[in-house]
């Protein structure tokens, strides 16, 4: 595997779906994550298939073997589905008890700050939502970022998704991405890996961000693709994404995609005048 100097490397894993996963894929996945020599792992939701207690216990055991530190956000499958009372009364109770009390966690690394967001409300089935409180949280989190630090938001639902996988509150969310000069959005949910430049906001207050959607790492529900995870490499001015794809028990890197990080005051302020 080629090493790139001065790059901070992060593993992006999503949709392990314990309860509908291939246990045989786990050993190879964990070994490949560690072989990538990453500084941290971001897990963008759907740890379980049906939010059952034993599924969360197994998911936590799995994530504990990923390279640390880890930042984990919940997905739509991490809320109870068949127990309507529990979904309405305590939708996040099992996730909080098993995984983390902080549903919108922040992770600071040497040159990257990541804001995690819980994008699954109790009253939606599959599609997500970002609230005004969370939009304000994005602005506050990155208002204190050191100069030249890459600004990353991680959530389960891709902002580019539409129809049943759409994100309610998208306009509010996108305006916060513009105001905070966010560079990269990490997501999962679709099980189909993708990297694209996404225009967020509108008119003169729009901005391009890099959207990275990770595939499912271990689920049987591959939706026509292979299981995969995403290796992210950050420099001061670029992000490179390499999909690692499962071939039996082996994981093979695909062609590396490198994109420039979007321009912003936080980046130009750090450059010599």
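Every read-out reported here was derived from the displayed coordinates using simple, explicitly stated rules and does not represent laboratory data. Bear in mind the structure is a predicted one, so any value in this text is a computation, not a measurement. Neighbour counts run over all protein chains shown; Cβ positions are idealised from the backbone, glycine included.
Can you classify the chain as rounded, prolate or oblate using the Cα gyration tensor, where a ≥ b ≥ c are the square roots of its eigenvalues, rounded means a/c under 1.5, and otherwise it's prolate if a/b beats b/c and oblate if not? Note, shape of the chain comes out oblate.
Ellipticity at 222 nm from helices only: DSSP H runs of n ≥ 4 in the chain, each -39500 (n - 2.57), divided by the residue count, give -6000 deg cm²/dmol.
Identify the residues of the range 30-65 with backbone N under 18 Å of a label point that sits 7 angstrom from the Cα of residue 93 along the Cα-to-Cβ direction, or state none. Under cut-off, by backbone N: 50-57.
Taking packing as the residue-averaged number of other Cβ atoms within 10 angstrom, the listed peptides 241-250, 149-158 run from highest to lowest as 149-158, 241-250.
Applying 1/(1 + (r/R0)^6) with R0 = 51 Å to the Cβ-Cβ distance of residue 23 and residue 238, what FRET efficiency is obtained, to the nearest 0.05? Calculated value: 0.90. Oblate is the label for the range 124-273, because the ratio a/c of its alpha-carbon gyration tensor axes (a ≥ b ≥ c) is 1.5 or higher and a/b is not greater than b/c.
Decide, for the range 1-73, between rounded, prolate and oblate: order the square roots of the alpha carbon gyration tensor eigenvalues as a ≥ b ≥ c, take rounded if a/c falls under 1.5, and otherwise choose prolate if a/b is larger than b/c, else oblate. In terms of gyration-tensor shape, prolate.
By the count of other C-beta atoms within 10 Å, a proxy for reagent exposure, 64, 219 are ordered fewest to most as 64, 219. With a simple spin-label model that places each label point 7 Å from the Cα along the Cα-to-Cβ direction, the separation between residue 50 and residue 132 comes to 3.9 nm.
When each of the peptides 203-211, 166-174, 8-16 is scored by the mean number of other C-beta atoms lying within 10 Å of its residues, the order from highest to lowest reads 8-16, 166-174, 203-211. Our note on the geometry: Cα centres of the range 189-228 and the range 25-64, 19 Å apart. For the chain, the relative contact order comes to 20 percent (Cα pairs under 8 Å, sequence separation of at least 6).
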